[in-house]
Amino acid sequence: MPVRTSRGVLLLLAVLLAIPAAAQPFNAWLTIPSGHGYVSIPPAGFDFTTGFTFEAWVSVSDDNPTAGSGTSCSSIAGKGFTQAWWVGVCGTTLRSYIKGSGSFLDGGTLPRNEFHHIAVTYDGSVRKHYIDGEEVASQAETGPMTSSTSEVRIGSDVSWTFTAHGWYDEVRFWNVARTKAQIRESINKTITGGSALSVYNFDLNANDPFGNRNGTVVAPAVFTTSAVTATCTPDATHLCLNSKYFVSTRWVDFSGNRGLGTVVAGASSSSGLFWFFDPTNWEVLVKELNGCGVNSRQWVFAAATTNVHYELIVTHTPSGETRRYFNYLNENAPAVTDTGAFATCP
């Protein structure tokens, strides 16, 4: 496949401006704004058989120039899709291959230029896709995954050099199929220990502290350390709590419909409410509390009366630091009592 050329500074600005303030999940992250940038990783250790999990936080778009032709797809990561495994986005659909050409599975909507957590697993009999901790596709299969001698690429693939442009963080590999519960348990955390095969935090480098399978960054991929933030100005879908904390909600219902929570009128300086489906039916209460005198942290508390999937996103606008809290479909929303949310005390 032909390698695309850079679209320059204008595309970088377009990517950054398209992503809302409450975007980045953790610390620094990898940015591939245009062209064919990626992270190159030596191939050893990345051939899987009947145990595989790929996870990542991504905010990307399928910018393949064949968009609209029915063949548009862009690579998120892969080891040669014609022979081995590959994960990418086709339009806004999550796609994976695990046994080379012809083994694709489509399933799950990945909106453009919004940070979402994705996962692909295979246990030797079933392949699954997850988005934001929800299982969105499942397919029965038999036999081991196939292998190749190709390098691993994040943001590209040796057999499909079309980059999914945007932001990447917390890319993780396991040589086991992680369960839904395991994926959810660490979805909004930086992994610092455990049984992962390799993890790429992208905190100013492409090193792997788990398996020592360090990567090399190929331009125009770069590391972004300064958050894209906005002034903390409340609007129809955002609260601004204590003049610094920008708060929003995203929901997905049982039919796959999705949207942003709407702010209920009458919010105070430190707390507010959101509705999802009807302005008279309030869904989520959130408040930001000053706990500096107790444990030198700012706290986030929240409660909800819903069993739809929702994500509560809280960003400290001066630093861009973000916290994300999830509820999952058909589960009664738990209370959030995060007394360690932000180390942003004076």
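The values are calculated or read from the model by the stated rules, or taken from the named source; none is laboratory data. Everything numeric here is computed off the predicted structure, so don't read it as measured data. Positions of Cβ are generated from backbone atoms using ideal geometry, with glycine treated the same way; all protein chains shown enter the neighbour counts.
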Item to complete: Assess whether residue 46 counts as being touching a strand residue (DSSP E or B) at 6+ places or on another chain (Cβ under 7 Å), under 28 Å from residue 211 (Cβ atoms) and not in a strand (DSSP E or B).
Response: yes
Fill in: Cβ pairs under 6 Å, 6+ apart, first in the range 266-278 and assigned by TED's automatic domain parsing to the domain that holds residue 310, second of a type in the set (Asp, Glu)
270/288; 274/283; 275/283; 276/283
Worksheet entry | Checklist (1) surrounded by fewer than 18 Cβ atoms within 10 Å (Cβ to Cβ); (2) more than 19 Å from the chain's Cα centre (by Cα); (3) in contact (Cβ under 8 Å) with a residue 12 or more places away in the chain applied to residue 191, failing item | (2)
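Is there a residue in the range 88-106 that is acidic (Asp, Glu) and either under 15 Å from the mean Cα position of the chain (by Cα) or modelled with pLDDT under 95 (or both)?
no
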Worksheet, complete the sentence: Filter the range 316-344 for residues that are of a type in the set (Gly, Ala, Ser) and assigned to a loop (DSSP other than H, G, I, E, B); the one that is surrounded by the most Cβ atoms within 10 Å (Cβ to Cβ) is 333
Item to complete: Only residues that are β-branched (Val, Ile, Thr) and in a loop (DSSP other than H, G, I, E, B): list them for the range 78-113, please.
Response: 82, 92, 98
Worksheet entry | Only one of 58, 39, 15 that is at pLDDT below 75, touching a strand residue (DSSP E or B) at 6+ places or on another chain (Cβ under 8 Å) and either surrounded by 21 or more Cβ atoms within 10 Å (Cβ to Cβ) or not in a helix (DSSP H, G or I) (or both) | 15
Worksheet item: Of all the strands (runs of 3 or more DSSP E) wholly in the range 146-242, which have at least 1 residues that are at positive phi?
Response: 164-174
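Do the conditions hold for residue 250, that is, is it touching an Asp or Glu at 6+ places or on another chain (Cβ under 7 Å) and not assigned by TED's automatic domain parsing to the domain that holds residue 131?
yes
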Discussion item. Being touching a Cys at 6+ places or on another chain (Cβ under 6 Å), within 24 Å of residue 276 (Cβ to Cβ) and modelled with pLDDT under 95 is the requirement here; does residue 240 meet it?
Written reply: no
Practice prompt. All but one of (1) modelled with pLDDT under 95; (2) surrounded by fewer than 16 Cβ atoms within 10 Å (Cβ to Cβ); (3) within 20 Å of residue 130 (Cβ to Cβ) hold for residue 8, so report the exception by its number.
Written response: (3)
Item to complete: Please specify each residue of the range 243-255 satisfying the condition of being in contact (Cβ under 8 Å) with a residue 24 or more places away in the chain, among the polar types (S, T, N, Q) and assigned to a loop (DSSP other than H, G, I, E, B).
Response: 243
Worksheet entry | Residue in the range 256-287 that is nearest to residue 314 (Cα to Cα), counting only those that are assigned to a loop (DSSP other than H, G, I, E, B) and β-branched (Val, Ile, Thr) | 264
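Restricting the search to the range 271-302, which residues are in contact with a Pro (Cβ under 9 Å, 6 or more places away or on another chain) and crowded, with 16+ Cβ neighbours inside 10 Å?
We begin by selecting, within the range 271-302, every residue in contact with a Pro (Cβ under 9 Å, 6 or more places away or on another chain); these are 272, 292.
Residue satisfying the conditions is 272 alone.
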Fill in: Residue within the range 182-196 that is out of contact with any strand residue (DSSP E or B) (no Cβ under 6 Å at 6 or more places or on another chain) and hydrophobic (A, V, I, L, M, F, W, C) present
no
